[in-house]
Structures are given as C-alpha cells and as structure tokens.
Amino acid sequence: MAQLMWLTIALPIVGVLFNGIVGRRLGHRVVSLVGPLVVLGSFLIGAGALIELLVQGEEAVLVPLWTWAAIGSFTVEINLLVDHLSLLMVLVVTGVGFLIHVYATEYMVHKDESGHLHPDRDFARFFTFMNLFIASMLILVLGDNYLMMYVGWELVGVCSYLLIGFWHDRPDQPQDPIDLGEGEEPVRLQPLLSPAASGMKAFIVNRVGDVGFALGVFLIWSTFGTLQFTGVFEQASQVAEVTPAIITWITLLLFIGAIGKSAQLPLYVWLPDAMAGPTPVSALIHAATMVTAGIYMIARSNVLYALAPGVSMTIAFIGAITALFAATIALVQVDLKRILAYSTISQLGYMFMAVGVGAYAGAMFHLTTHAFFKALLFLGAGSVMHALNDVIDIRRMGGLKEKMRITWLTFWIGGLALAGFPLMSGFFSKDEILAEAYQDLPILWVLGIITAALTAFYTFRAVFVAFHGQPRDQRLYDHAHESGKAITFALIVLATLSIFGGLLGLPAFLFDLPNLMDNWLEPLYATLEHGAETAHLALTVELVLFATSAVVAIAGIAVAYLFYVVKPSIPQNLARSTRPIFSLLANKYYVDELYNAVFVKPGLTLARNMAEGIDTWLIDNILVDGLAKVIGWCGQQLSQLQSGYLRHYALATFIGVLVVISYFFLR
Amino acid sequence: MIDQVPVSFYLLLGAILFSIGAGGVLIRRNTIIILMCVEMMMNSVNLTFVAFSRYLDSATGQIFVFMIMAVAAVEVAIGLALLVELNRHKRAVNIDEINSLKG
C-alpha cells in the first residue's frame, strides 16, 4: 500500500482536472460527488499505508517516482518519503480535508425559502481549487527532499490566494463601531478588506517568508550538495562541527519561511484577513492544514534544529510571544471568524514553542488535535453564517442554541477542546507542550499559561455571545435554522475527534497507558543525541502543572460566563474604564496601520515613482517614443523630395545619368 | 550617296532628336505627348545605332535596333494601357494631377 502512495497525490489531481474541465457543465451534483470522493480515496490509501507500516513494523518507505532534473552531479529525484511523520500529516490533511469537502458541498449551495437550491456561481471552480490544495499539501508533506517541499510550499500558497479571493467581486465591508454605552464615544473599527485584496495580502506577506525559505534551500544545497532529507541529516553533525554558523543560518532562513506560512510574529497579518474566503477554506487551509506546514517543516528538519540551540530558543520565544499577542487581540474582536483566526495564530504559537524546546512529538500532537477542533469551530461558525445569511458579527447573534442544536453542541465541544477543558483533546496536547516548556524554561510556561487563560475566556465569550442570551437581531434570529445533513455530519465527526483525539497522547503518569503519539513519532528523533525530548519531571510537579492548566481553563470559562451571561454590563464598563487599552486591542494594536505606513505606502510610492518616472517618462516617452519621433521627423524631411511631379523624377534621372556619364568621361 | 554624309551628321541629328524628346518629357504635361517624346528618344538612339552599324560595317547595331523596336511596341502597348486606366481613374491626362505618391 505504501508503494501506492503516489495515488494519494494523483487522485486529487484527477479531481482538479475533472472539476476544472467538465465540472461546470455537469452541474453541482456531480462535482459534489467527485470533489469529496477523490479526497476520501487519498485518505483510504493513506490509512492502508498506515496499517502496512504498523503490521510490518517499518519506519520509512521510499517510493521512487522519477528523476526530475540531472545537471552534472546535481540530481533532483521525485521520491515520496512515507514515514511516520509524513503519514500522520497525510491522514490529518486528507481526513479533515474530506470532512470539509463534504461540508462544503452543502455550504456552497444556498437554499431559498421555497427549498430551491442555488449553488454558488463558481461551484466547480471552488472544488477544483480545494482538490488542488489537497494535492499540493500532499506534495509538501510526502516529498523526500527540500525542493519538493518548496514546490508544495509555493503551491499551497497559490491555492490559499485563489481561495481567499474566491468571491473576488465582493467589496470591502465596513464594520459597525463598538458601542460603549451612553455618553461614551463608540470605538471605531477599520473596514474588513475585500476578498481580492485579502488574497493579495496573504500572497505578498507569504512571499516575504518564502524568500527566506528559498534562500535556506539554496544554502542547504551549497553546503551539503544534496537536497534529500536523509543526505542532509547524515552530514549535518559533521558540518556543525566545522562551521556551526552555516547550520544556524540554514535553520534561521527556513524558520523565516515558517513564520510566513504559519502566521507568526511579525508576518501573521495575512491570516485574519484570509477569513474573507469561504468558511470551508478558512477551516481547511487557514486553520487545520496549510498553516501547519511550518511546524511540519521544523519537525522534519529536527536534526538541523537540534544543532542550532540558539535558533530553537528564538523559535520558542517567538511562538510564546505570538501565542500571547494573538490571544489578547482575540479578546475583543467582534467577528466570529476573526476570533477563531487569532486563536489559530495563538495555537500555532504553542506549536512553535513546542518545536523550539525540542518537543517535536508534542507539537505534532497539538497540530493533530488542533486540526480537529479548529476545523470543527470554523465549520460551526460557517454553519451559523449559513443560517444567518453570511452575518458573522457576534453582536448580531444571540440565543442561537434554540435554533441550531447540533451546531451549538458541537461548537461547545470545539470550544472546550480549544480552551483546554480537562479530558478534551486540546487539554492533553496543550498540557504536554506546557510541561515540556516548563522543563526547559519556566518563563515560557508562564507565557503559555496566561495564554491558556485568555484562550478559555475569549473562546467562551464567542460561545456565550453567539449561542446564549437573548436574540439581538430578531429578524436574523427568525431566519436562522439548523443546517442540513452534510454540514451536521462533518460537525459531529469532528466533534467526536475533538473529544477523543486526546487518546493519541495521554500523559504517562495519568492512566499508565502508552503515549501513542510519542511512540509513533519516535523513529523521527532516533538520530538525535538526546532522543525524544519527553518531559521527565517529578510526578508531583507534573500533577501541579496538570492541575494548573485545568484550573486556568475552567476559570477562563467561568469568567466568560460571568461577563457575558450573568452580568453583561461588566465587559462594557470594563471597556469604558480601560478605553485606551480596549481600543488598542480592538484595532489589533494598529499593526496593519503600522505596516501600511512603514512598508506598504513607501512601497507604493516607490512603485508609482518608478512607473511614472522611469517607465512612463524615461523608457516610454524618451526612449521608445523619442526614437520613433526622431525617425519620423527624418522621414518627414526626406519626403519633401517626393514632389509628386513626374518631371521632377525624370529630371533627377537625367541629371543622374549626366553625372554618371560625365564622371566616366572626365576621370 | 550616303557615303558623302559623314557619320557625325547622323550623330548630331540623333542628339537633337534625343534632346527634343528629353525636353518634351520634362516640360510637357499631357501624358500622351510624354509617351510620344519617350518614343522619340528611343528612335534617336535607333538612328545612332544604325549610323554606327553602317560606319563600322557591323550588323550588331541593326540587330539591336530590331530588338528595340520590338520592345518599344510592347512598351507602347503597356504604356497606353496604363494611360487609359489612369484616365479612367483620375479623369485626367494632365501629369501634374497624378501625384498621389507625393510625400
């Protein structure tokens, strides 16, 4: 089965071709069938490979496909590396991807009052891009060398751009100011970027990181002479002994790529705006899979990162600070999807913290559980949007639990998992990361635990405001209805995974059961000197950390309950009394404005000056048009010789003949 | 009889005829007259050929003359056809009105 892994990539590509070429003509029902089915096929092949690896006890299978390029001694092989890490990623991508595809078959179709179905104008295009994304992501995780990873890396970026801007004709959306009660001026908010602009923003910001990644890949090649993982990792320790600086540079450059793709400080700004895309896209690309590419890349390159402790420490701190930073912004956002977007940035920060302290298995565990519950939350938010005619502002929701029982229940489960409520999947994965961080550097643990408290609070702020209390917009409330089978199916499956996903990585001291995730990923770190970095804390310390996480999560939820259900006047009063901080958070620390002033505006000015000064004036006017004008003027002058009178020509001929003859006579 | 007329006379006559023809081409405006003048220049050359042929006692010049007369007949046919077409298009025989190539 592992030898058939190329099919996991080929199947979605078949879907791309089918949906892209004939999907439009065959109608949305056929596309709804083909789109998810090809992803399911990939998932089944991946599952088969998993079983094969488990039964045969193999660690890695190399699937050679073909040689892409051979230039002298430099060859690029297209091989698939099927090992424990890539299989985990394949299963997450295709598994969650399949559910989201199923969900999208309903989400992208609107049902009107009389029950008529109105599929999106570009239904087939949507599934073409979604399938293309799955194929790209699989190329990224299955490649056995950095070049294939880079190809996949860029391809997922393109898909992200295409899908964020999917509704490319929608304009910017103004946001209602936040009302702070009588006699206080409301806090004004910036309008939400249009999908087209958001897509470009995502693409351009990612480009900054991708340059770093590309340079990293170049440096790997010039240092090691190969791009294959195995070759690079074998030589890594020798190179590190001779020139440790090179390893530092490689890891740093690769990490810059990860910062862009996985939305960390300072390149996270594109992710919140990516919410302009359709919700399944937000769930699949901007929460569950693509943004985890950076984590995967670092986990894959763990041999290199283990040799660069300084860079690893930087990663851990950037992750921890991003986690806290994004969580504070999420506290006051009013757009349901944006709250989830900032929580994604924050959770990715946890994962970077984990890989930074060497807890690669912990990071991959959190990546997996996060894929489950964050996809669930996004799909829940999408279900709400679907019911409310695309309204996403939580201030216009309220009381929805009466109308949407399944969405409400599953959103609760997702919220509990995200908040790290005890025994939910997110609890175990977050706790593992926090324990590792505590062992490495307690300050990281402090940042992490504060973030955990904030996470619990803002998650349940969204839950309580959207689903509980009184309806704030009666007309919308009356319109609301539970979504159909495809949506609720995806929600229920993901909710189940969000509850039980924690079983993959139970802490050793709690139930005396094996930590499946750690064991599964063990071979990945076989070459590391320290082996897998699992926490080896005293039992009492572990228990205290465990209890702290649990208490913090419950406290966060309790405070949210107090603020938004018991006494809804508290948050408003709090916002009034801390107005400067509140408006700073509501405006996302003005980071977008800062970037606009520092990078975008000067960049645009430079571009405009170049366009007008160099291109239009110098090249177009002076060089191109100028040359044409000079030649035209010469022609004009010479054309006066052409009088149009035959006798002038005849005379010229005679004179010419005379001159020639006299020359011959007189010489 | 002809022996008494020196060859220079023929050449002079040829030169005069040629000059009259050339002058006509340059000065006259009627296209048909211009064509006639061209013919005259050609015939002055024929005269010169024949004169030299006799003077040098060689047949080459006379062969040339037959060639030129044949070509001239063709040329006149084409030239007249062109003039007729021009006349149809432009309704003009005045060469100065036919100046669409003017720069």
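The values are calculated or read from the model by the stated rules, or taken from the named source; none is laboratory data. As the structure is a computational prediction, the values presented were derived from the model and not from experiment. Methodologically, a virtual Cβ is constructed for each residue, glycine included, from the backbone with ideal geometry; neighbour enumeration extends over all protein chains shown. Areas reflect the complete protein model, heavy atoms only, side chains present, ligands, DNA and RNA absent. Shrake-Rupley method; radii C 1.70, N 1.55, O 1.52, S 1.80 Å.
Scan the stretch A:122-174 for residues that are more than 30 Å from residue A:64 (Cβ to Cβ) and open to solvent by 40 Å² or more (accessible area, probe 1.4 Å) and the total you get is 10. Count of the stretch A:318-339 residues, restricted to those that are more than 13 Å from residue A:262 (Cα to Cα), assigned to a helix (DSSP H, G or I) and open to solvent by 10 Å² or more (accessible area, probe 1.4 Å), is 5.
Tell me, please, whether a residue that is open to solvent by 50 Å² or more (accessible area, probe 1.4 Å), of a type in the set (Gly, Ala, Ser) and within 14 Å of chain A (Cβ to nearest Cβ) can be found in the stretch B:85-101. The answer is yes, given that some residue of the stretch B:85-101 is open to solvent by 50 Å² or more (accessible area, probe 1.4 Å), of a type in the set (Gly, Ala, Ser) and within 14 Å of chain A (Cβ to nearest Cβ). Candidates are the residues of the stretch B:1-57 that are of a type in the set (Ser, Thr, Tyr) and within 14 Å of chain A (Cβ to nearest Cβ); the one that is nearest to residue A:649 (Cα to Cα) is B:31. Here residue B:67 fulfils each of the conditions (1) surrounded by 17 or more Cβ atoms within 10 Å (Cβ to Cβ); (2) farther than 30 Å from residue B:90 by Cα apart from (1). One residue is enough: does the stretch A:236-257 have a residue meeting the conditions part of a helix (DSSP H, G or I) and under 24 Å from residue A:129 (Cα atoms)? Yes, the stretch A:236-257 contains at least one residue that is part of a helix (DSSP H, G or I) and under 24 Å from residue A:129 (Cα atoms).
To keep it simple, each residue is scored yes or no on (1) surrounded by 24 or more Cβ atoms within 10 Å (Cβ to Cβ); (2) basic (Lys, Arg); (3) in contact (Cβ under 8 Å) with a residue 24 or more places away in the chain.
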{"site": "A:387", "(1), (2), (3)": "no, no, yes"}
{"site": "A:417", "(1), (2), (3)": "yes, no, yes"}
{"site": "A:429", "(1), (2), (3)": "yes, no, yes"}
{"site": "A:446", "(1), (2), (3)": "no, no, no"}
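Sort out which residues of the stretch A:386-406 are within 24 Å of the chain's Cα centre (by Cα) and part of a helix (DSSP H, G or I), and write them in order of number. A:386, A:394, listed by residue number.
Among the residues examined, residue A:229 qualifies as surrounded by 17 or more Cβ atoms within 10 Å (Cβ to Cβ) and in contact (Cβ under 8 Å) with a residue 24 or more places away in the chain. Annotation note: of A:603, A:644, the sole residue that is open to solvent by less than 70 Å² (accessible area, probe 1.4 Å), of a type in the set (Gly, Ala, Ser) and not in a helix (DSSP H, G or I) is A:644.
Contact map, the stretch B:17-30: first residue on the phi < 0 side of the Ramachandran plot, second residue of a type in the set (S, T, N, Q), Cβ cut-off under 8 Å, separation 6 or more or different chains; pairs are B:17/B:43; B:17/B:44; B:18/B:44; B:21/B:44; B:29/B:94; B:30/B:94. Out of all the residues in the stretch A:216-223, is one or more farther than 30 Å from residue A:576 by Cα, open to solvent by 40 Å² or more (accessible area, probe 1.4 Å), outside any loop (DSSP other than H, G, I, E, B) and free of Cβ contacts under 8 Å to residues at least 12 places away in the same chain? Yes: the stretch A:216-223 contains one or more residues that are farther than 30 Å from residue A:576 by Cα, open to solvent by 40 Å² or more (accessible area, probe 1.4 Å), outside any loop (DSSP other than H, G, I, E, B) and free of Cβ contacts under 8 Å to residues at least 12 places away in the same chain. When the residues of the stretch A:240-265 are filtered to those that are touching a residue at least 40 places away in the same chain (Cβ under 8 Å) and open to solvent by 10 Å² or more (accessible area, probe 1.4 Å), the one that is nearest to residue A:600 (Cα to Cα) is A:265. Among all residue pairs at least 6 apart or on different chains, which show Cβ distances below 9 Å where the first residue, located in the stretch A:575-595, is assigned to a helix (DSSP H, G or I) and the second is of a type in the set (Ser, Thr, Tyr)? Within 9 Å, the pairs are A:575/A:583; A:584/A:590; A:585/A:328; A:588/A:342; A:589/A:328; A:591/A:268. Please indicate, with yes or no, whether at least one residue in the stretch A:581-588 is more than 14 Å from every other protein chain (Cβ to nearest Cβ), in contact with a strand residue (DSSP E or B) (Cβ under 6 Å, 6 or more places away or on another chain) and either over 30 Å from residue A:204 (Cβ atoms) or not polar (S, T, N, Q) (or both). Scanning the stretch A:581-588, I find at least one residue that is more than 14 Å from every other protein chain (Cβ to nearest Cβ), in contact with a strand residue (DSSP E or B) (Cβ under 6 Å, 6 or more places away or on another chain) and either over 30 Å from residue A:204 (Cβ atoms) or not polar (S, T, N, Q) (or both), so the answer is yes. Among the residues making up the stretch B:72-84, those that are surrounded by 13 or more Cβ atoms within 10 Å (Cβ to Cβ) and either among the small types (Gly, Ala, Ser) or within 14 Å of another protein chain (Cβ to nearest Cβ) (or both) are B:72, B:79, B:83.
Which residues, counting only those in the stretch A:627-667, are modelled with pLDDT of 90 or more and among the aromatic types (Phe, Trp, Tyr)? Scanning the stretch A:627-667 gives A:633, A:663, A:664, A:665. Can you find a residue that is within 21 Å of residue A:501 (Cα to Cα) and either exposed (fewer than 15 other Cβ atoms within 10 Å of the Cβ) or touching a Gly at 6+ places or on another chain (Cβ under 9 Å) (or both) anywhere in the stretch A:5-18? No; the residues of the stretch A:5-18 include none that is within 21 Å of residue A:501 (Cα to Cα) and either exposed (fewer than 15 other Cβ atoms within 10 Å of the Cβ) or touching a Gly at 6+ places or on another chain (Cβ under 9 Å) (or both).
For every residue, the table says whether it meets (1) modelled with pLDDT under 90; (2) out of contact with any helix residue (DSSP H, G or I) (no Cβ under 6 Å at 6 or more places or on another chain); (3) closer than 20 Å to residue A:7 by Cβ.
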position: A:109; (1), (2), (3): yes, yes, no
position: A:113; (1), (2), (3): yes, yes, no
position: A:117; (1), (2), (3): yes, yes, no
position: A:122; (1), (2), (3): yes, yes, no
position: A:129; (1), (2), (3): no, no, no
position: A:134; (1), (2), (3): no, no, yes
position: A:146; (1), (2), (3): no, no, no
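Checked across the stretch B:50-59, the condition of being farther than 27 Å from residue B:28 by Cα and among the charged types (D, E, K, R) holds for at least one residue. Do we have residue A:105 as more than 27 Å from residue A:361 (Cβ to Cβ) and hydroxyl-bearing (Ser, Thr, Tyr) here? Against the criterion (more than 27 Å from residue A:361 (Cβ to Cβ) and hydroxyl-bearing (Ser, Thr, Tyr)), residue A:105 qualifies. Contact list please: Cβ distance under 6 Å, first residue in the stretch A:540-551 and more than 17 Å from residue A:447 (Cα to Cα), second residue open to solvent by less than 80 Å² (accessible area, probe 1.4 Å), pairs at least six apart or on different chains. Correct list of pairs: A:542/A:509. The residues in the stretch A:649-667 that are more than 9 Å from chain B (Cβ to nearest Cβ) and surrounded by 11 or more Cβ atoms within 10 Å (Cβ to Cβ) can be counted, and the count is 4. Quick one: in the stretch A:623-641, which of the residues that are assigned to a helix (DSSP H, G or I) and within 11 Å of chain B (Cβ to nearest Cβ) is nearest to residue B:27 (Cα to Cα)? Out of the qualifying residues, it is A:639. Meeting the requirement of 1 or more residues that are touching a residue at least 40 places away in the same chain (Cβ under 8 Å) and under 21 Å from residue A:491 (Cα atoms), the helices (runs of 4 or more DSSP H) wholly within the stretch A:1-111 are A:28-56, A:84-107.
Remark: residue A:288 matches the filter, which requires a residue to be in contact with a His (Cβ under 8 Å, 6 or more places away or on another chain), among the small types (Gly, Ala, Ser) and farther than 20 Å from residue A:321 by Cβ.
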